[in-house]
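What follows draws every value from the coordinates through simple rules; no lab data is involved. Just so it is clear, the model here is predicted, and its values are computed rather than measured. A quick note on method: Cβ atoms are made from the backbone with ideal geometry, for glycine too, and the neighbour counts reach across all protein chains shown.
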C-alpha cells in the first residue's frame, strides 16, 4: 500500500474516534491513545526517516512533526495516569485531539503533496510495505504494554 494512503487512512480512523470524544464518549480515549501510539511509531521509525533522507525540502516539517509527536506522547502518558472521572482527563483528551488535528492538517495539506511529488508512487509503495510490516510486528507489542 502507498505510504501516504496508509497514513491518511489511519488519520480517518482516529478522526472517527475524535467525533465520539466530541460527543463526550470518554470510553474512546484509550483507543485513541493506542492508535496514536502505533501511528507515531510507524511514522518515526519508517516514514519520517525515509522522507528526511529522500525529500530534501521537508527537513523542517519533519523536525516539527517530531516535536508534535513528543507533545502527543506526553499527553498520552498523562492520560494513562488519570482516572476518566478526573476533570483533567477530558481536558487533556480535548487538547490531544486539537493537537493531532493540527498535526494531521499540516501533514495532509503541506507535507504529503510535496513528499508525493518528490518520492513518487513506486517509492511510496515500498515505504508503505515497510510500514505495514512494522505495524504487523510492533502493533501487538504496543497493545500488550498498554
Neighbour-count ranking [beta-carbon atoms within 10 angstrom, fewest first] of 66, 48
66, 48
Taking only the C-alpha atoms, wrap a convex hull around the chain and report its volume per residue in Å³ as a whole number.
94
For the chain, with a Gaussian network of springs between Cα atoms less than 10 Å apart, report the residue from 39, 103, 69 with the top mean-square fluctuation.
103
Can you give me the relative contact order of the chain as a percent, contacts being Cα pairs under 8 Å and 6 or more apart?
44
Out of 130, 57, 81, any idea which swings most in a Gaussian network model of the chain, alpha carbons joined below 10 Å?
81
Listed residues 61, 132, 22; largest mean-square fluctuation, Gaussian network over the chain with Cα springs below 10 Å, found at 22
Quick one: angle between helix 3-22 and the longest Cα principal axis of the chain, in degrees between 0 and 90, rounded to 10, please.
20
